[in-house]
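Here's the structure, in structure tokens; my notes come after.
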Amino acid sequence: MKNYPPSFRRVHIDRVLNENKQFMKGIVIDIGGKKINPRGTFIPPLDQVEKWIYVNNDPITKPDILCDVKKIPVKDQSVDFFLLTEVMEYLDDPKSTISELKRVLKKDGLGIITTPFLNPLHGDYLNDNARYTETYLKKIIELNNLKVLKLEKMGSVGSVFFDILKVHAREGKMNILNMLLDRFYFIFKIVDKITEKSKKFINTGYFILVQNS
């Protein structure tokens with residue numbers, strides 16, 4: 001079976017995770033991460049961490065800690081780094097989650113948050129609750145005394161357009177459209193480059209690096 005290119009959203013996520021591997025040290029909690037059948041190409045840098053702990057509320061993923069993200073059973077200020085990738089959109093109360101991450105993170109500890117914006121609903125769409133703006137994300141992060149060190153708008157017009165068409169092709173079982181998207185993948189990359197200035201308003205979502213102050 002033909003392996004078509006991944007969504008631009010997934011490519012952007014893998015890229016930012018790989019670009020920020022150097023911050024993943026000490027005790028790391030990977031919230032929503034999967035030991036089994038993880039998505040994307042990112043491989044955790046286990047050689048440079050003390051412990052990598054998978055936290056998930058889905059027992060099928062066989063997490064190290066099975067729990068709700070709003071109440072993680074670890075001590076205050078006991079975590080050096082957290083990953084919260086593509087989880088915010090599933091939460092009923094993102095403010096409480098950020099507050100809980102603040103609680104478990106050591107002073108000067110770091111964390112990565114990624115969340116979609118102009119991106120189709122996930123395959124498990126019945127649980128995909130929300131999309132958030134940069135303004136809202138900064139607000140709930142800073143209200144919990146976490147500092148935003150980096151914020152990247154991921155992708156532009158080309159990325160958004162490709163991902164919409166990709167989901168349309170998948171849901172409609174349109175093999176010809178899938179083949180065309182495969183062949184002209186490079187064009188969407190070019191469109192992203194020439195529409196760089198539009199990322200402020202048109203992007204697939206956000207990458208945020210935060211620090212506990």
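Observations on the model:
- 14 Å Cα-Cα reach of LYS189 towards aspartates and glutamates, excluding residues that sit fewer than 8 places from it in its own chain: ASP163
- Under-5 Å amide H pairs with LYS150, H placed in peptide plane, nonlocal only: LEU209
- Part-to-part distance (alpha-carbon centres) for region 129-159 and region 89-114, which is given in Å: 13 Å
- Net +/- balance of residues flanking TYR125 in space, Cβ distance below 14 Å, scoring K and R +1, D and E -1: -3
- GNM result for the chain, Cα springs below 10 Å: residue of LEU110, LEU177, LEU121 fluctuating most strongly: LEU177
- Share of carbon and sulfur in the accessible area of the chain stands at 56%, probe radius 1.4 Å.
- These residues, PHE188, PHE162, go from largest to smallest accessible area, 1.4 Å probe, as PHE188, PHE162.
- One decimal place: the segment ASP93-THR135 gains 13.4 nm when fully extended, by the rule 0.36 nm per residue minus the C-alpha distance.
- When all protein chains stay in place and ligands, DNA and RNA are ignored, the 1.4 Å accessible-area order of TYR125, TYR136, TYR54, largest first, is TYR125, TYR136, TYR54.
- Here the chain is treated with +1 on each Lys and Arg Cβ and -1 on each Asp and Glu Cβ, and its dipole about the Cα centre works out to around 400 debye.
- Cα-Cα over 22 Å, subset of LYS35/LYS153; LYS70/LYS107; LYS70/LYS147; LYS71/LYS200; LYS70/LYS150; LYS139/LYS193: LYS35/LYS153; LYS71/LYS200; LYS70/LYS150; LYS139/LYS193
- Beta bridges per DSSP with both ends in the chain, % antiparallel, nearest 5: 45 percent
- Ordered by 1.4 Å accessible area with all protein chains kept, TYR206, TYR185 run largest first as TYR185, TYR206.
- Computed from Cα atoms, the angle from the helix 134-143 axis to the main principal axis of the chain rounds to 0 degrees.
- Solvent exposure of region 1-105, expressed per residue, is 53 Å² of accessible area, with all protein chains present and a 1.4 angstrom probe.
- Cα shape, the chain, gyration tensor, a/c 1.5 rule: prolate
- Net charge over other residues, Cβ less than 13 angstrom from the Cβ of VAL167 (K, R count +1; D, E count -1): +2
The values are calculated or read from the model by the stated rules, or taken from the named source; none is laboratory data. Because the structure is predicted, anything quoted here is derived from the model rather than measured. Cβ coordinates were reconstructed from backbone atoms using ideal geometry, including for glycine residues, and neighbour counts include every protein chain displayed. For accessibility, only protein heavy atoms count, side chains too; no ligands or nucleic acids. Shrake-Rupley method; radii C 1.70, N 1.55, O 1.52, S 1.80 Å.
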